[in-house]
Structure formats: C-alpha cells, structure tokens
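Below is one structure; the comments refer to it alone.
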Amino acid sequence: MTSRSDDIRLGADIGGTFTDIALDVRGEMFSTKVLTNYTAPEQAILDGIDVVIRDAGISAAEIGI
C-alpha cells in the first residue's frame with residue numbers, strides 16, 4: 001500500500017497503566033493499547049506504533065517516522 005504522509009495521522013496517549021496508540025490512514029482507524037513502561041515510556045509508544053502500522057499494512061516511513 002502506498003500513501004502520502006499527509007493522509008495519515010498518528011496519536012499517542014501515555015496513561016498510568018496503558019499507552020494508547022491511534023492511527024488514521026485515509027479515514028480508516030487502527031488502534032491498540034500496550035502496557036506503559038514507567039522506566040522508558042517512549043518504548044510503549046514505539047511498541048504500539050509497530051502494532052498499528054502492521055495492522056494497517058503500511059511502513060513507518062509512510063508516516064514520516
């Protein structure tokens with residue numbers, strides 16, 4: 001699947017227990033929850049991004065990360 005990065009939006013919310021990741025690919029939504037890593041909260045974001053881009057069938061390069 002090819003897409004323009006301006007057609008894709010990515011959001012993250014780090015919570016006390018879970019980190020939520022949402023990916024909008026041209027109006028189709030993909031989301032996941034992963035456990036928040038208190039010592040490295042960014043790792044939960046990266047893990048969640050891996051899940052949603054796999055589910056969406058796109059690469060990280062397509063969203064500019």
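Any read-out appearing in this document is the output of simple, stated calculations on the displayed coordinates, not a laboratory observation. As the structure is a prediction and not an experimental result, all values here were calculated from the model. Cβ: placed from backbone, ideal geometry, glycine included. Neighbour counts: every protein chain shown.
For this structure, a couple of remarks:
- Radius 15 Å from Cβ of residue 57, net charge of other residues (Lys, Arg +1; Asp, Glu -1): -4
- Loop-located chymotrypsin sites (Phe, Trp or Tyr not before Pro) across region 1-60 with a Cβ neighbour count of 16 or fewer within 10 Å are 38, with loop assigned by DSSP.
- Other residues lying with their Cβ under 13 Å from the Cβ of residue 36 contribute a combined charge of -3, Lys and Arg counting +1, Asp and Glu -1.
- Likely footprinting exposure, 46, 35, fewest C-beta neighbours within 10 Å first: 35, 46
- Against the chain, whose longest principal axis is taken from its Cα atoms, helix 41-56 shows a tilt of about 30°.
- Where trypsin sites (Lys or Arg not before Pro) fall in DSSP loop in the chain, at most 15 other Cβ within 10 Å: 4, 26
- Taking 7 Å steps out from each Cα toward its Cβ at residue 38 and residue 18 produces label points 1.9 nm apart.
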